1. Which whole-number percent gives the relative contact order of the chain, counting Cα pairs below 8 Å spaced six or more residues apart?
2. Convex hull over the Cα atoms of the stretch 163-282, averaged projected area in nm²?
3. So what is Rg over Rh here for the stretch 100-251, counting just Cα atoms and using Kirkwood for Rh?
4. Given N residues in the stretch 90-168, what is its alpha carbon radius of gyration divided by 2.2 N^0.38 Å?
5. What whole-number volume per residue, in cubic angstrom, does the convex hull of the C-alpha atoms of the stretch 21-123 give?
6. Which order do the peptides 103-112, 172-181 take when ranked by the mean count of other beta-carbon atoms within 10 Å per residue, highest first?
7. Under a no-solvent Debye model with one identical scatterer per Cα of the stretch 151-220, what's log10 I(q)/I(0) at q = 0.17, 0.21 Å⁻¹?
8. Rg/Rh for the stretch 224-373 to two decimals, with Rh computed the Kirkwood way over all alpha-carbon pairs.
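The values are calculated or read from the model by the stated rules, or taken from the named source; none is laboratory data. Keep in mind the model is a prediction, meaning the values are calculated, not measured. Reconstructed Cβ throughout: ideal geometry from the backbone, glycine too, with neighbour counts over all protein chains shown. Surface accessibility is based on the protein's heavy atoms, side chains included, excluding ligands, DNA and RNA. Shrake-Rupley method; radii C 1.70, N 1.55, O 1.52, S 1.80 Å.
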Amino acid sequence: MAEQTMTAGNEAAGKGQNKAGLEGIVAATTAISNVDGQAGRLVYRGYDIHELAHATTFEEIAFLLWFGRLPTRSELGELQVSLREQRQLPAGVLAILRALPPETAPMDALRTAVSAWGMYRNVQGTPTIEQAIALTACFPLILATFQRLRQGSVPLESRADLGHTANYLYLLTGQEPKAEHVKGLDAYLVMLADHSMNASTFTARVVASTASDLASAVVAAICALKGPLHGGAADKSQEMLAAIGTAGNAEPWIRATLASGGRLMGFGHRAYKTTDPRAEELREMARLADPVGFTFARRVEELAIAVLEETKPGRRLYTNVDFYSAVLLNSVGIPVDLFTPTFAVARIAGWTAHILEQAANNRLIRPLAAYTGPASLPFVPLDQR
Ligand code: ACO
């Protein structure tokens, strides 16, 4: 009976459903965001990312993702107040951040702190919007606190007169944030706030689908974002640009990397078969923010696309969001190993919106696997092996 059930499952899994990496599989319905990878279009709840990028703030976008529509001025004010009120870490989380060795990767510090936050805040049961707001408010605090501690500096208190993005920059540096840095980082946070069924969001939804709690789903999402094939490519793109060093070295470096089976960080995407629309925006922002860094990155980009086309014909590998993110984040003074955690500062809005959406209409996510092991082996007891 058990074998019959397994065989039936394998047949189902074998009938066109065994897509490596779940490519092309629709795993959920969502009204939060949509990626049209052929057209290079991204919308949040119907609004084009090109329009949202410079005309909105991160707080407005968080409202849009969570509540399904753009806020009025007073609704935005209320959300800003809620976010400000939640800018505090439980004493236990602070103690854990203090106990971490300074060489801890900030993404690991974030993962550990969010897990502890869930425990100290006793986050249990069905995810709520209040939990989403509270955790979103805490991400910049966690990272800036850890950044100050590992430098041997005293963590700073949040400033009530600063918005979410400006306060993050202030907490990191202790300096009055420059208006152009706040604007640049805010547009970055807007553009990276959500991206449909990417790997980390899928992970969050899988955990939420087991009726687990919001903090646990977010910890899992952080773990998925960390990998260099996903958000970890933000740091790696910067490392790649540093390793190339000069425009003259770009082509030989790219060819040698591809010839040895390496990947060019910040290029290629599962969904986009054309340039990522966020990369287009970030390219223009990088041009204004750091003309020297931009000129070099642009040369690397042109060569990378040309050599990828030559060596990987038909794969349609273009610039993704992480390539110019590196130039932009560098220009606003974010340390390289905080690039991917800063990606998480944006994506927490999308993750929590998806967790709430999943919880509101839940069914356990539990796919099949196509079994490739032996069907039936005679068991040999330990003393006879
Ligand atoms: N450099 C070199 N070759 C690449 C790259 C790249 N960046 N991306 C894909 N390829 C090649 C693969 O080697 C493969 O070649 P093959 O057919 O000869 O075997 C082919 O293109 C298809 O690659 P897959 O891995 O099957 O494509 P997939 O859709 O699974 O990968 C991914 C998407 C993981 C993003 C990939 O393009 C990649 O590794 N890019 C570099 C890392 C990166 O920038 N990640 C950030 C993505 S954006 C984000 O998550 C926020």
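1. Relative contact order for the chain comes out at 24 percent.
2. So the Cα hull casts an average projection of 10.2 nm².
3. The Rg/Rh ratio comes out at 0.99.
4. 1.11
5. 187
6. Order by mean packing, descending: 103-112, 172-181.
7. So the normalised log intensities are -0.81, -0.88.
8. Using Cα coordinates only, the ratio equals 1.04.
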